[in-house]
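Written below as structure tokens is the structure these notes are about.
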Amino acid sequence: MSILEVKNLTKQFGGLTATSDISMGVEKNSITAVIGPNGAGKTTFFNMITAVYRPTSGDILLNGKSLVGLKPHQVSKFGITRTFQNIRLFNEQTVLDNVLVGMHQRLKGHWVGTLLHFPNVKREEENAKIEAYKILEYVGLEEYVNENAGNLAYGAQRRLEIARAIAAKPKVLLLDEPAAGMNPKETQKLTDLIHDMRTRLDVTIILIEHDMKLVMKISDFIYVLDHGELIASGVPEEIRNNKRVIEAYLGKGAVLNG
Amino acid sequence: MREQISKFSQSPKAQAIFFAAYVIVTALGLYLMQTSVIAFLLLLFSILILYYLKLKTRTKWLIGLFIIAVVVPLVASQGPSFQSYMEVGTLVGIYAAMSLGLNVVVGFAGLLDLGFIAFFAVGAYTYAIFASTQASHFMPFGHYPLPGDTFWLFILIGAIIASIFGILLGIPVLRVRGDYLAIVTLGFGEIIRIVLNNMDHPINITNGALGISSITPPNFLGIPIGNSSQFYFIVLGIFLVVIYIVTRLEHSKLGRAWKAVRDNEIAAQASGIPLVKTKLAAFAIGASFSGMMGAVFAAKQMYVDATSFTYLESTMILVMVILGGMGSVPGVILGAAVVTILNTQVLTDLSNWLTQLSTNGVISIPDALSPAKMQRLIFGILLVVFALYRTQGLIPHKNRKINVEKLKKEASEAPGGALLSKERAETGGTD
Ligand SMILES: Nc1ncnc2c1ncn2[C@@H]1O[C@H](COP(=O)(O)OP(=O)(O)OP(=O)(O)O)[C@@H](O)[C@H]1O
Ligand SMILES: [Mg+2]
């Protein structure tokens, strides 16, 4: 069963067509990869799903309900959260607060309740902190609770973005190049984390990634974009041997075979 | 020597004794030498010392309140300068509350607002119109001026009307960012001032450039409130409420949302924060503090006109926020105190002193450098120095640190040891 469905999705920036007539379905609880050379339109695709951009035409359906026209925060409420290719943390806030912001949608406390010291608001805050700490333990950042997010090392920042995204308890998690800039050891840990999240958090994961080794190892299904068009889709084995994909990546063929 | 210093910085008892001695000496100094501005300033300085002492937060609050609410009014009350000290104290309170309001907008939510004084004006005019005969020009019912005991209600009304104006400003402004936002808010501030200055026709609402005079003074249980030493306590009360609101909100869901929007709008939205609502809340809450103080200001001056609400006033409040430390509550309060005291006491006294010296022929100052003109110059130089050497402000903002050990313990004891239990179905993630 497809949890997320995309129909004839097109995005144009002036004369430039960033994605053109893309249709695809993502299986519930799968790990699905979206790959393609630089400028293929992968990030644009994510930006349309999360309502950062409005599609020029086409439709996006989550469990059959259209997301087009929603505001970004509404998409998050519907159950889709994401990380960013160019890390976007709240640099001046602590690591813990970053995760707490991720929970925003789930916290019910009203500011009036905050001012009047309502016990339910207070309890909710305390529980939220405990949960945020558990999430940080889960992604391995518990020693940086009070650190400013901007001071973390690169790999840690990427993991914090994941922590913030899962804090919302999403149904679908979009990861935009989560392994970029990580060393092999960190990448290995990340691979384990992604695997574990799928089962433990019962979440559907869509990831954009250039690290082919990671993609081939982790994905159930792969979609390949090139110049804004969907040129191939299939299980890793099929993609590895697909002629059009190899062509698109020409010069990167070595990586593919690695 | 070094050992003694470190011992001192570790021992709350030694600090408490030192602090008590300091307060007693400065308080006595002020009591005996009434005209000594220095004694007055040194006494106020004790609050800053208190801030850095190693005491429990609650203890500090109690001591601080005692000094501000009891010691200062008491020891300053003996001489002719009494009212002027209380006046300075009152102004510090008014500006500090406004700076805290602007700090919500600029410091927390990251929205540069150059027209903040407009909300102060709105609050001031709201009370002025209804507490003078002005309202009878256009109100179809009721008797004006309203009696002085409605003042207390008008503190609230001023807050509400100002926050409505905050939202009105916010709606068009939300589309623009950064520099453009600053320009639009600057324009808004000027528009409000010019409108207030011209609303005497076709219907006379604000009495135009003549301003509104004979504003009824507040009335507390039948006692009319007319001088600074009484307003001092009203301002102090409102100021404390403002501090309470600001500190509570800062560490709440809303406060985190403000800072998230400030740090990264796109990520904030992707995390589920509604941009419009969050920004408007900042504008509204920030403006409401100014509105409250506006009502107090009108009642205190008993006269308002648009000249009190110029662009210069808006920048002055912004300077207080930036000088004190953007986003830092204690910093902003200190910034407001420093700027206000510089403007109303130190620089004025300095220029008076220089003028006196030159009229006595002790020194000769060329006309171009007359001390009155120097005031602004000195103020400007001070700002430049601070901007260069203390970019984070007098008391830079620090994030609150959580007790990790405690949190860790709680997390391990919390029910459902497994992370993020799969309770999504119950919490209704679909809507
Ligand atoms: N906001 C925008 N305005 C104009 N053009 C854009 C915008 N965003 C993306 N593009 C263009 O759309 C195309 C696709 O960009 P996109 O960022 O989606 O690529 P990508 O597949 O994520 O590439 P990479 O692997 O380098 O991240 C590029 O040509 C890019 O220049
Ligand atoms: Mg990209």
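The values are calculated or read from the model by the stated rules, or taken from the named source; none is laboratory data. Predicted, not measured: the structure shown is a model, and the values here were computed from it. All Cβ positions, even for glycine, are placed from backbone atoms using ideal geometry, and neighbour counts span all protein chains on display. For accessibility, only protein heavy atoms count, side chains too; no ligands or nucleic acids. Shrake-Rupley method; radii C 1.70, N 1.55, O 1.52, S 1.80 Å.
Quick notes on this one:
- Counted residues, the range B:261-292 - those being in contact with an Asp or Glu (Cβ under 8 Å, 6 or more places away or on another chain) and open to solvent by 10 Å² or more (accessible area, probe 1.4 Å): 3
- Failed condition for B:I215, given (1) open to solvent by 10 Å² or more (accessible area, probe 1.4 Å); (2) touching a strand residue (DSSP E or B) at 6+ places or on another chain (Cβ under 8 Å): (1)
- Count of residues meeting criterion [within 9 Å of ligand 1 (Cβ to nearest atom), farther than 13 Å from A:R54 by Cα and touching a strand residue (DSSP E or B) at 6+ places or on another chain (Cβ under 9 Å)] in the range A:5-17: 1
- Yes/no for A:N91 being surrounded by fewer than 22 Cβ atoms within 10 Å (Cβ to Cβ) and within 30 Å of A:K217 (Cα to Cα): no
- The listed residues are B:I171, B:I203, and the only one of them that is open to solvent by 70 Å² or more (accessible area, probe 1.4 Å), under 16 Å from B:F138 (Cβ atoms) and in contact (Cβ under 8 Å) with a residue 40 or more places away in the chain turns out to be B:I203.
- Screening B:Q83 with (1) open to solvent by less than 50 Å² (accessible area, probe 1.4 Å); (2) touching a residue at least 60 places away in the same chain (Cβ under 8 Å) gives one miss only, at (1).
- Selection of the range A:18-31 for residues being within 13 Å of ligand 1 (Cβ to nearest atom) and within 20 Å of A:F221 (Cβ to Cβ) yields A:T19, A:I22.
- Some residue of the range A:139-155 being surrounded by fewer than 21 Cβ atoms within 10 Å (Cβ to Cβ), closer than 24 Å to B:P274 by Cα and of a type outside the set (V, I, T): yes
- Residues considered: B:G294, B:G335. Of these, the only one that is assigned to a helix (DSSP H, G or I) and not assigned by TED's automatic domain parsing to the domain that holds B:F116 is B:G335.
- Cβ pairs under 8 Å, 6+ apart, first in the range A:32-48 and over 17 Å from A:S219 (Cβ atoms) and within 14 Å of another protein chain (Cβ to nearest Cβ), second near ligand 1 (Cβ under 6 Å from one of its atoms) and not small (G, A, S): A:T43/A:Q85
- Unique residue being within 28 Å of the chain's Cα centre (by Cα), under 20 Å from B:A209 (Cβ atoms) and open to solvent by 10 Å² or more (accessible area, probe 1.4 Å) when the list is B:I117, B:I129, B:I155: B:I129
- Restricted to the range B:72-174, the set of helices (runs of 4 or more DSSP H) holding at least 3 residues that are of a type in the set (V, I, T) and under 22 Å from B:V296 (Cβ atoms) comprises B:82-102, B:117-130, B:151-173.
- Screening B:I333 with (1) modelled with pLDDT of 95 or more; (2) over 24 Å from B:V246 (Cα atoms) gives one miss only, at (2).
- Evaluated against (1) within 27 Å of B:I341 (Cβ to Cβ); (2) crowded, with 22+ Cβ neighbours inside 10 Å, B:Q134 falls short on exactly one condition, (1).
- Of all residues making up the range A:121-146, the number that are in contact with a strand residue (DSSP E or B) (Cβ under 9 Å, 6 or more places away or on another chain) and either assigned to a helix (DSSP H, G or I) or farther than 26 Å from A:W111 by Cα (or both): 1
- For A:V6, the test of being within 13 Å of ligand 2 (Cβ to nearest atom) and buried (at least 22 other Cβ atoms within 10 Å of the Cβ) is failed.
- Top-ranked residue of the range B:225-260 - restricted to ones that are over 28 Å from A:N98 (Cα atoms) and within 14 Å of another protein chain (Cβ to nearest Cβ), ranked as least open to solvent (accessible area, probe 1.4 Å): B:L240
- Of all the listed residues (A:L116, A:L96), the sole one being under 19 Å from B:A281 (Cα atoms), away from ligand 2 (no atom under 16 Å from the Cβ) and among the aliphatic types (A, V, I, L, M) is A:L116.
- Residue match in the range A:30-50 (condition: away from ligand 2 (no atom under 16 Å from the Cβ), on the phi < 0 side of the Ramachandran plot and not β-branched (V, I, T)): yes
- Scanning the range A:233-248 for residues that are open to solvent by 10 Å² or more (accessible area, probe 1.4 Å), in contact with a strand residue (DSSP E or B) (Cβ under 7 Å, 6 or more places away or on another chain) and more than 16 Å from ligand 2 (Cβ to nearest atom) gives A:S233, A:V235, A:P236, A:N242, A:R244.
- Count of the range A:180-214 residues, restricted to those that are closer than 16 Å to A:F46 by Cβ, within 16 Å of ligand 2 (Cβ to nearest atom) and open to solvent by less than 10 Å² (accessible area, probe 1.4 Å), is 4.
- Pairs, first outside the structural domain of B:I67 (by TED's automatic domain parsing) and within 10 Å of B:V72 (Cα to Cα) in the range B:21-37, second open to solvent by 50 Å² or more (accessible area, probe 1.4 Å) and of a type in the set (G, A, S), C-beta under 8 Å, six or more apart: none
- Of everything in the range A:116-128 that is charged (D, E, K, R) and open to solvent by 40 Å² or more (accessible area, probe 1.4 Å), the residue that is farthest from the other protein chains (Cβ to nearest Cβ) is A:R123.
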